[in-house]
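Structure record follows, encoded as structure tokens.
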Amino acid sequence: MRRTIDWADGAIVIIDQTALPAEYRLLELRTVDELIDAIRRLAVRGAPALGAAGALGVAMAAYAGGDVRAEAERVAKARPTAVNLSWGVRRALAKLGGGAEAVLAEAQALMDEDVELNRKASAQAAEVVLRECGHRPLRLLTHCNTGNLATVGWGTALGVVWHLHARGLVESVLADETRPLLQGARLTAWELSQAGIPYRVQPDGAAAVAMAKGLVDCVLVGADRIAANGDVANKIGTYALAIAARHHGVPFVVVAPSSTVDSRLAVGAGIEIEERPAAELREFGGRPVTPPDAEVFNPAFDVTPASLITAVVTEHGVYRATAGGR
């Protein structure tokens, strides 16, 4: 599979995640405005992929000239919860003194590293899962999308599935549909189908019942930001999954590159949670599903306390909270 995000002929090229699974198409983004729009409407999404988007956005601004730092700030603020976006921007800005080519080289190095770091993180997480569950074909539950499409390549939590499947240790995957934008039903299911891995899509509300029926050996999720104490911000619904997993004695494993750890935040309560447009809930497929004046609460993420998490795994192994945390 090609990279989810890349640079070609002066443009940022992305797989348009709003089109899948009906259509596989590429978008060429040639201005910072086009990039910001793609980030906000989730044509490119997933914390690691957003890190690459941030770095490439700085490169694009550097080649265009003008106030590069102001443009970089606009990119960094396009989605506030995913720390990788601002991290990628900062990393690329550090090379601005060397000119546009130096900035682009740094962005490309970041993308190369992303693939390798996620392979390593997910390989280490696979070992954690096997220690928790035993060496046998496993039934895994995922939420949102954490595969190739959420990263430059390979994946985080879904990367664990790739590793275990290669060893014949995946019986099946339950993919939460992940309301309201269906990243699980549209994207994770598409990736699992492409990989030939047995899977079923379920409503988000069915996850606890699946655990109660003994259909889940382990829950695997990614992260958009990890506080110093190990609290994790991830797609809305993750917190409820963790509560259900704890109640039913199911291991709950978070997989993310270390760039997702925000050591400046002592606890998860300090994480800014993005709220999405009301139309995402008022409409479905372009048709209204609520009264037009319905008030909406539509947070894109929630924060799962570290106490509910079996392990947070990065490329460095199981994350250990800093002294200021738990």
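The values are calculated or read from the model by the stated rules, or taken from the named source; none is laboratory data. In this text the structure is predicted, and so the values were computed from the model without any measurement. Note that each Cβ is placed from the backbone with ideal geometry, even for glycine, and that neighbours are counted across all protein chains shown.
Filtering segment 281-305 to residues that are outside any strand (DSSP E or B) and under 14 Å from Gly237 (Cβ atoms) leaves Leu281, Phe297, Asn298, Ala300.
I'm trying to understand the selection: among the residues of segment 250-294, which are of a type in the set (Val, Ile, Thr), more than 23 Å from Leu117 (Cα to Cα) and crowded, with 19+ Cβ neighbours inside 10 Å?
Residues satisfying the conditions are Val250, Ile271.
Residues are listed down the side, and each one gets a yes or a no for (1) within 26 Å of Thr310 (Cα to Cα); (2) touching a Pro at 6+ places or on another chain (Cβ under 8 Å):
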site	(1), (2)
Thr81	yes, no
Gly88	no, no
Leu93	no, no
Gly97	no, no
Glu116	yes, no
Gln124	yes, no
Val129	yes, yes
Asn148	yes, no
Ala166	yes, no
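When segment 265-280 is examined, which residues are found to be in a loop (DSSP other than H, G, I, E, B) and either of a type in the set (Val, Ile, Thr) or more than 20 Å from the chain's Cα centre (by Cα) (or both)? Within segment 265-280, Ala266, Val267, Ile271, Ile273, Ala278 qualify.
Residues are listed down the side, and each one gets a yes or a no for (1) at pLDDT below 95; (2) in a helix (DSSP H, G or I); (3) over 22 Å from Pro257 (Cβ atoms):
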{"position": "Met1", "(1), (2), (3)": "yes, no, no"}
{"position": "Asp6", "(1), (2), (3)": "no, no, no"}
{"position": "Ile12", "(1), (2), (3)": "no, no, no"}
{"position": "Leu20", "(1), (2), (3)": "no, no, yes"}
{"position": "Glu23", "(1), (2), (3)": "no, no, yes"}
{"position": "Glu28", "(1), (2), (3)": "no, no, yes"}
{"position": "Leu35", "(1), (2), (3)": "no, yes, no"}
{"position": "Ala38", "(1), (2), (3)": "no, yes, no"}
{"position": "Ala43", "(1), (2), (3)": "no, no, no"}
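Counting the residues of segment 235-264 that are among the aliphatic types (A, V, I, L, M), over 18 Å from the mean Cα position of the chain (by Cα) and in a helix (DSSP H, G or I) gives 3. You will find that of Gly268, Gly286, the residue that is assigned by TED's automatic domain parsing to the domain that holds Pro251 and either touching a Leu at 6+ places or on another chain (Cβ under 7 Å) or farther than 30 Å from Glu127 by Cβ (or both) is Gly286 and no other. Taken as a whole, the condition of being closer than 28 Å to Ala185 by Cα and outside any loop (DSSP other than H, G, I, E, B) applies to Leu85. Of the listed requirements (1) within 30 Å of Gly270 (Cα to Cα); (2) at pLDDT 95 or above, His135 misses just one: (1).
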